[in-house]
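First the structure, in the form of structure tokens, and then the observations on it.
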Amino acid sequence: MDAIKKTLKDSAAIRWLVLVIISMFMFGTYWFQDFMSGLKGLMMSELGINSSQFGLIISSTTWANMVGMIMVGGIILDKWGIRVAGVVFGIVASLGASITAMATYGVFGDDPGTMMKFMMAGRMLFGIGLESICVIVTRTTVKWFKGYELALAMAINVAFGRFGTAFGTAFSVEIGGGHVAPAVAFAASLIGFGFILFLAYLIFDIRLDKQVNANKKEGGEPEEDFKFSDLVKLATNKGFIYITLLCVAFYSAVFPFIQYAPDLLVNKFGFTYQLPDLSSMTLFEKIGAIFHNGPKVTGLIPLGTILFTPIFGSIVDKKGKAASLMILGAFLLIFAHVSLSLFNSVTLGYLGLVSLGVAFALVPAAMWPSVAKIVAENRLGTAYSSMFTIQNWGLGLFFWGIGALLDFVNRADLAAIKAGEKMYDYTIPILTLVICGVISIFLAFMLLRADKQNKYGLELPSGVEAK
Ligand SMILES: C[C@H](NC(=O)[C@@H](N)CCCCN)C(=O)O
């Protein structure tokens, strides 16, 4: 048998260059998914929408995914590979983002109803692209890093997405110059930029495939593909069911919260949407103004996870305890939402946000590698696609539900709120998220029990098999 020749992925420099190129796609798509949170106040005053309609706009990214578009993405990825799937979903995401941007400029009509309809249609299309791109980029990361620094590469890949969320949330008001449409157009152009970089990546992908195929002919290991029919096996796997439900409960209390957090901070704690003029302020005053700005403070949550997710990831790798850490993350989530809803202390509010940030780093760091211990490798693609699909059911409900509940519980004061005479009371909508935290703890304990029964090895370090 001939010796296996070195391929492009055996070069660390090329591997990491590829990671940066494909992660820019995550940066752009996460930005577009989350940037509207910093614009809620502006969207309400400029587009004349209420909280429930804002909720519908942000929730629309999940609608097509709720009925299985991520699974379709998974099938296309399996059947036609990274290149075809990446191009198809890159076009879908770019088209969706462009329609949303055009709608905000009034291209399809400038009455609020028409704008909203086209914004939702655009975001629905974008949402199909977003989730499938997340699966495609993750799969591409596995292709290049399997056998190398896979966990670190995955953490860095998600970190690019979190940067997108953080910067999009924190700076969209300034980027738009105090208007919605330019901020949406900028966010849409980031997706186009990420897509162009992904097209450039395809040169590396084609070369790697040629080299791998040549090695296969010379006796290298054949790759195992996962099949859609394996879905039935997943549906009967107790551990997979618990971790999927935990994923829905946990993320429903985090991603939707982040979309409303700037508005919560403005309405509950008197934070600002727009930074005052900082030029004549002392350094302390500047810091004070930034820490009193809703979008900037919210942006710190995903920013903090960029540092902490890889740290927690390496703790999980070295010490294990993934299920226990998910339980801890769920407790922190409850603390966060209780302190942000029931109390009126700004200090406790900051503590709540820090606690949420730690949970947001801890649970994903423990959850995503755990899936790989529960599910066989050739079913991982199907597993992640199914988890994202079910996750979207929860996200769709809560993205919209928080806004709708906000309007409902404040229904007597809506006119005064619109006139700027009163503020929204966020107590009940945020308390609802505590229920997600309680369900998360229950599911994390069930997962721990299933781990003991089925010996998945969730509490063991990476690479150690349960006996
Ligand atoms: C890795 C994980 N990704 C998801 O949950 C995806 N469904 C993408 C969601 C994008 C939301 N901004 C994560 O981001 O933790």
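The values are calculated or read from the model by the stated rules, or taken from the named source; none is laboratory data. Computed from a predicted model, the values in this text were never measured in an experiment. Cβ: placed from backbone, ideal geometry, glycine included. Neighbour counts: every protein chain shown.
Please specify each residue of region 397-414 satisfying the condition of being within 16 Å of the ligand (Cβ to nearest atom) and either under 21 Å from THR140 (Cβ atoms) or crowded, with 22+ Cβ neighbours inside 10 Å (or both). Give the derivation first.
Within region 397-414, the first condition is being within 16 Å of the ligand (Cβ to nearest atom), and the residues that meet it are 397-400, 402.
Result: PHE398, PHE399, TRP400, ILE402.
The number of residues in region 433-462 being in contact (Cβ under 8 Å) with a residue 24 or more places away in the chain and at positive phi comes to 1. Looking across PHE204, PHE269, PHE195, one residue alone is modelled with pLDDT of 95 or more and either under 20 Å from the mean Cα position of the chain (by Cα) or crowded, with 22+ Cβ neighbours inside 10 Å (or both). It is PHE195. As a summary of the residue check, TYR424 satisfies the conditions (1) modelled with pLDDT of 95 or more; (2) within 16 Å of the ligand (Cβ to nearest atom); (3) surrounded by fewer than 23 Cβ atoms within 10 Å (Cβ to Cβ) except for the one numbered (2). Just give me the residues in region 440-460 being closer than 24 Å to ILE402 by Cα and buried (at least 18 other Cβ atoms within 10 Å of the Cβ), in sequence order. Across region 440-460, the qualifying residues are SER440, ILE441, LEU443. Regarding region 280-288, can at least one residue be identified that is touching a Ser or Thr at 6+ places or on another chain (Cβ under 9 Å) and of a type in the set (A, V, I, L, M)? No.
Listed by position, the helices (runs of 4 or more DSSP H) contained in region 1-118 that have at least 2 residues being within 15 Å of the ligand (Cβ to nearest atom) and touching a Gly at 6+ places or on another chain (Cβ under 6 Å) are 12-34, 51-66, 69-104. For region 370-383, the condition holds for no residue, the condition being that it is at positive phi and not charged (D, E, K, R).
If the condition is being crowded, with 23+ Cβ neighbours inside 10 Å and away from the ligand (no atom under 16 Å from the Cβ), then region 119-138 contributes MET119, GLY122.
Within region 153-172, residues that are closer than 15 Å to LYS40 by Cα and near the ligand (Cβ under 9 Å from one of its atoms) reach no partner that is among the small types (Gly, Ala, Ser) and modelled with pLDDT under 95 with beta carbons closer than 6 Å at six or more positions or on different chains. Might you let me know whether region 352-364 holds any residue that is touching a residue at least 60 places away in the same chain (Cβ under 8 Å) and more than 13 Å from the ligand (Cβ to nearest atom)? Yes, there is a match, as at least one residue in region 352-364 is touching a residue at least 60 places away in the same chain (Cβ under 8 Å) and more than 13 Å from the ligand (Cβ to nearest atom).
For region 127-184, the candidate set comprises residues that are over 24 Å from PRO310 (Cβ atoms) and hydroxyl-bearing (Ser, Thr, Tyr); within that set, the residue that is modelled with the highest pLDDT is SER172.
Name the residues in region 314-326 that are surrounded by fewer than 22 Cβ atoms within 10 Å (Cβ to Cβ) and among the hydrophobic types (A, V, I, L, M, F, W, C), would you?
Keep residues of region 314-326 that are surrounded by fewer than 22 Cβ atoms within 10 Å (Cβ to Cβ), which gives 314-315, 317-321, 324.
Selection gives ILE315 alone.
A count restricted to region 278-304 and to residues that are β-branched (Val, Ile, Thr) and surrounded by fewer than 18 Cβ atoms within 10 Å (Cβ to Cβ) stands at 3.
Under the condition of being within 14 Å of ASP263 (Cβ to Cβ) and hydroxyl-bearing (Ser, Thr, Tyr), the residues counted in region 24-63 number 4. Does ILE390 satisfy the condition of being within 16 Å of the ligand (Cβ to nearest atom), touching a residue at least 40 places away in the same chain (Cβ under 8 Å), of a type outside the set (D, E, K, R) and under 21 Å from GLY270 (Cβ atoms)? Spelling it out, it is not the case that ILE390 is within 16 Å of the ligand (Cβ to nearest atom), touching a residue at least 40 places away in the same chain (Cβ under 8 Å), of a type outside the set (D, E, K, R) and under 21 Å from GLY270 (Cβ atoms). The lone criterion from (1) part of a helix (DSSP H, G or I); (2) at pLDDT below 95; (3) over 24 Å from PHE250 (Cα atoms) left unmet by VAL371 is number (3). Of the helices (runs of 4 or more DSSP H) lying entirely inside region 282-358, those carrying at least 3 residues that are among the basic types (Lys, Arg) are 294-319. Only residues that are at pLDDT 95 or above and either of a type in the set (Gly, Ala, Ser) or touching a Phe, Trp or Tyr at 6+ places or on another chain (Cβ under 6 Å) (or both) were counted in region 62-84, giving 2. Entry remark, region 266-295: residues being in contact with a Gly (Cβ under 7 Å, 6 or more places away or on another chain) and farther than 17 Å from GLY168 by Cα number 3 in total.
Going by what's in this entry, would LEU275 be described as surrounded by fewer than 23 Cβ atoms within 10 Å (Cβ to Cβ), at pLDDT 95 or above, farther than 20 Å from ASN410 by Cα and away from the ligand (no atom under 14 Å from the Cβ)?
Numbers: surrounded by fewer than 23 Cβ atoms within 10 Å (Cβ to Cβ): yes; at pLDDT 95 or above: no; farther than 20 Å from ASN410 by Cα: yes; away from the ligand (no atom under 14 Å from the Cβ): yes.
So LEU275 fails the test.
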